[in-house]
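Rule-based calculations on the coordinates, nothing more; no lab input. Remember, predicted model here, so these are calculated numbers, not experimental data. Methodologically, a virtual Cβ is constructed for each residue, glycine included, from the backbone with ideal geometry; neighbour enumeration extends over all protein chains shown.
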Amino acid sequence: MSLPDSYTQKPGAIAAYFDAVLDAQPPDRFSIRFLENLGFTSTNDRLFLSILKDLGFLNVDGVPQQRYYEFMDRTRSRIVLAEGIRDAYSDLFAVNTKANELTPSDVKNKLRTLYAGKKTNNVIDRIAMTFSALCEYADFSKPASAKPPTEDTKTETTPESPQKKLERAIKDVPQTVSLDSLQYHINIVLPETRDQGVYDAIFRSLREHLGTRHE
C-alpha cells in the first residue's frame with residue numbers, strides 16, 4: 001500500500017513527457033541533463049523525474065527499470081503506465097477500485113482523508129491533478145496484471161492426521177503376494193545306508209511336505 005509524494009506543476013505536459021520518452025533511446029541513467037535533451041528545460045519539468053521513480057520506471061538513482069523498458073513497447077505503453085499508477089497510488093485504489101475514473105475534485109477529497117493531515121491542501125491539489133493527468137494518458141481497459149503469490153499468500157494445506165497416514169499406508173500395501181516367480185533350492189544330505197526303504201521314506205516325506213497344494 002502506498003501513496004506518492006511526487007507531483008508536477010505542469011499536469012498538461014504529462015502526455016508530452018511520455019511521448020518524448022517513447023521517442024528517445026532509454027538512457028543508462030535518466031538525469032536532468034537527459035530530460036533537458038528531450039526539450040524540457042524548465043525547472044518545473046524536473047519534477048517529472050520523481051514521478052517516474054514513484055511509478056516504478058526508475059530506481060532512486062534514476063536507472064531505468066523493467067517497467068521503463070516495457071513502456072517502450074508502443075502497443076502496451078499506456079497499459080504499462082496504468083500498472084505503474086495502480087502500484088504508486090495503491091491506497092487510493094484500495095478505497096475505490098475505479099479511482100482512475102474519479103473527477104479531480106473527488107480525487108482531492110479521497111487524498112485528504114488518506115494523507116490524514118500529512119500534506120497541505122495545496123500539495124494535495126497538485127498530487128490530485130497529477131494523478132488525473134496520468135490516468136488520462138494511461139489505458140485502464142485491461143485488468144491489473146496478476147502477481148505470483150508470495151510465501152505469505154500461498155494457501156496452506158491442512159496437515160494430514162496420523163490416522164489418515166496409517167489408512168493411506170495400509171491402502172497402498174498390495175493385498176496379495178504372488179509366489180509364481182519365486183525359485184528355491186533345497187540341499188539334502190542323505191545318510192549312508194544300503195537299506196532302500198530308508199531312501200524311499202525320505203523322498204515320500206519330501207513329497208508330502210513340499211509338494212504343490214491345489215486349493
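Ranking request for peptides 112-118, 64-70: highest mean number of other beta-carbon atoms within 10 Å first, then the rest in descending order.
Values: 112-118: 11.9, 64-70: 15.7.
Sorting 112-118, 64-70 by mean packing, highest first, produces 64-70, 112-118.
Our estimate of slack between residue 103 and residue 207, defined as 0.36 nm per intervening residue step minus the Cα-Cα distance, is 27.3 nm. Packing-based ranking of 19-29, 38-48, 78-88 yields 78-88, 38-48, 19-29, ordered from highest to lowest mean Cβ neighbour count within 10 Å.
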